[in-house]
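Worksheet for the structure shown next.
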Amino acid sequence: MAEFLFYFWLFLLILVVLGWPTWPYTRERWPYSYGGRYRYAVSGMAAALAILLWILFWFGLVAIALPWTTPPPVT
């Protein structure tokens, strides 16, 4: 579990750094030059992907742990 948390936070950090809308070299590119809410599209997508991965991780934990916690069927 510790390895997963390490790589999860590392991946999340990379997504945040790459999707940060205020980097100088990205100010002249497409989503940021329009102004308004378009400039947050990249960091919003990075956050949405990180949240999706987090939700899928917890669904996976539930799917793995649930069979071990339920009592066996009585016949």
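The values are calculated or read from the model by the stated rules, or taken from the named source; none is laboratory data. Fair warning: this is a prediction, and the values are worked out from it, not measured in the lab. Note that we place each Cβ from the backbone using ideal geometry, even for glycine, and neighbour counts take in every protein chain shown.
Would you confirm whether or not the range 34-52 contains a residue that is in a loop (DSSP other than H, G, I, E, B) and modelled with pLDDT under 85? So that I can check it myself, show each step before the final result.
Applying the first criterion (in a loop (DSSP other than H, G, I, E, B)) to the range 34-52 yields 34-35.
Keeping just the survivors that are modelled with pLDDT under 85 gives 34-35.
So far as the range 34-52 goes, yes, one or more of its residues are in a loop (DSSP other than H, G, I, E, B) and modelled with pLDDT under 85.
A Cβ distance below 7 Å, combined with a sequence gap of six or more or placement on separate chains, defines the contacts here; from the range 3-23, residues that are closer than 14 Å to Leu53 by Cα and at pLDDT 85 or above reach no residue that is among the aromatic types (Phe, Trp, Tyr) and exposed (fewer than 11 other Cβ atoms within 10 Å of the Cβ). Scanning the range 39-75 for residues that are over 23 Å from Met1 (Cα atoms) and over 18 Å from the mean Cα position of the chain (by Cα) returns Arg39, Pro71, Pro72, Pro73, Val74, Thr75.
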